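Trainee: To start, I am sharing the structure in question, which I have written as structure tokens.
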């Protein structure tokens with residue numbers, strides 16, 4: 001980590017980083033986030049999963065903006081606008097990525113059986129994504145207030161507390177999401193529908209209820225990325241609770257590992273466990289299920305004639 005020897009930075013460091021962002025680290029994160037984001041654009045276009053553009057790709061764009069600003073700060077550590085830009089972008093950046101997990105779970109539940117879930121697949125996206133938007137708005141508001149305070153040479157504590165509320169709420173939502181996912185998988189494995197009742201849909205045949213390799217990979221992907229983003233949320237919560245002048249926020253390695261690395265790993269994990277490719281098997285199973293239902297309904301109508 002680079003350090004400043006002149007007194008000017010010491011005079012204002014309490015309102016900025018407390019260190020100079022290491023240039024090669026900023027360049028590394030900037031390049032990797034850019035490559036991952038561009039790959040996601042290609043993958044989303046190829047698989048026609050356009051919703052990934054406003055979730056995963058948007059996250060990548062915000063992270064690229066944040067790390068570009070940190071790289072800028074490595075040359076101009078006293079420039080407030082660069083500090084404000086990186087703060088806002090890196091705080092709200094992972095939020096769209098979390099939303100992608102919520103959407104994917106709905107597809108997985110629809111495939112394996114809605115009777116094993118307490119919430120309907122369509123409601124997962126509505127409920128959890130709405131919570132995600134609320135968290136985004138709160139964090140954005142707090143980051144805006146904090147950055148404005150920094151630019152005016154005032155204490156950004158009020159803004160940081162608002163951001164803390166948003167991140168803590170987001171962490172609680174992620175925890176609830178994982179709990180719902182785990183309960184669903186346990187119920188599916190034990191064949192124990194919620195309330196002991198099955199839906200009116202035709203019971204899947206044993207082969208169709210088995211997890212194929214792609215579906216296993218998709219579930220593993222959302223579990224792993226949820227863990228990474230939860231760790232990042234815990235770090236951010238502790239960081240902001242420690243205030244803008246605390247040891248955690250003024251130690252570069254903590255941010256690089258527990259924020260930048262966590263989000264980057266989640267992005268890259270989605271590159272390899274891409275929903276647009278892995279969920280093709282889910283759509284195939286849905287089509288087969290719809291075909292069985294239509295065939296059975298036709299047979300029932302024929303028997304009445």
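Trainee: Is it fair to say residue 269 is surrounded by fewer than 19 Cβ atoms within 10 Å (Cβ to Cβ), modelled with pLDDT of 95 or more, touching a helix residue (DSSP H, G or I) at 6+ places or on another chain (Cβ under 6 Å) and closer than 19 Å to residue 95 by Cβ?
Mentor: Considered against the rule, which asks whether it is surrounded by fewer than 19 Cβ atoms within 10 Å (Cβ to Cβ), modelled with pLDDT of 95 or more, touching a helix residue (DSSP H, G or I) at 6+ places or on another chain (Cβ under 6 Å) and closer than 19 Å to residue 95 by Cβ, residue 269 comes out as yes.
Trainee: Hey, residue 146 hits all of (1) in contact with a helix residue (DSSP H, G or I) (Cβ under 7 Å, 6 or more places away or on another chain); (2) at pLDDT below 85; (3) not in a helix (DSSP H, G or I) but one; which does it fall short on?
Mentor: (3)
Trainee: While we're here: Go through segment 181-204 and report how many residues are at pLDDT 85 or above and assigned to a loop (DSSP other than H, G, I, E, B).
Mentor: Looking only at that region, the number is 3.
Trainee: Answer yes or no as to whether residue 178 is at pLDDT 90 or above and either surrounded by 12 or more Cβ atoms within 10 Å (Cβ to Cβ) or under 15 Å from the mean Cα position of the chain (by Cα) (or both).
Mentor: Judged against the criteria, residue 178 is a match.
Trainee: Counting just the residues of segment 236-261 that are at pLDDT 95 or above and within 19 Å of the chain's Cα centre (by Cα), which one comes out surrounded by the fewest Cβ atoms within 10 Å (Cβ to Cβ)?
Mentor: That would be 257.
Trainee: Here is a further query. What are the residue pairs meeting all of these: first residue in segment 132-160, first residue over 26 Å from residue 226 (Cα atoms), second residue outside any helix (DSSP H, G or I), Cβ atoms under 6 Å, and 6 or more apart or on different chains?
Mentor: If the second residue must be outside any helix (DSSP H, G or I), the pairs left are 146/156; 149/156; 150/156; 156/244.
Trainee: While we're looking at this one, here's another question. May I ask you to list pairs of residues, at least six apart or on different chains, whose Cβ atoms are under 6 Å apart, with the first in segment 17-35 being on the phi < 0 side of the Ramachandran plot and free of Cβ contacts under 8 Å to residues at least 40 places away in the same chain and the second being surrounded by 19 or more Cβ atoms within 10 Å (Cβ to Cβ) and in a helix (DSSP H, G or I)?
Mentor: As it stands, the answer is 34/64, since those pairs meet every condition given.
Trainee: Tell me whether segment 47-58 contains one or more residues that are out of contact with any helix residue (DSSP H, G or I) (no Cβ under 8 Å at 6 or more places or on another chain) and modelled with pLDDT of 90 or more.
Mentor: Looking for residues that are out of contact with any helix residue (DSSP H, G or I) (no Cβ under 8 Å at 6 or more places or on another chain) and modelled with pLDDT of 90 or more, one finds none in segment 47-58, hence no.
Trainee: So which residues in segment 110-130 are at pLDDT 85 or above and within 18 Å of residue 225 (Cα to Cα), if there are any at all?
Mentor: Answer for segment 110-130, where residues must be at pLDDT 85 or above and within 18 Å of residue 225 (Cα to Cα): 128, 129.
The values are calculated or read from the model by the stated rules, or taken from the named source; none is laboratory data. This is a predicted model, so every value here is computed, not measured. A quick note on method: Cβ atoms are made from the backbone with ideal geometry, for glycine too, and the neighbour counts reach across all protein chains shown.
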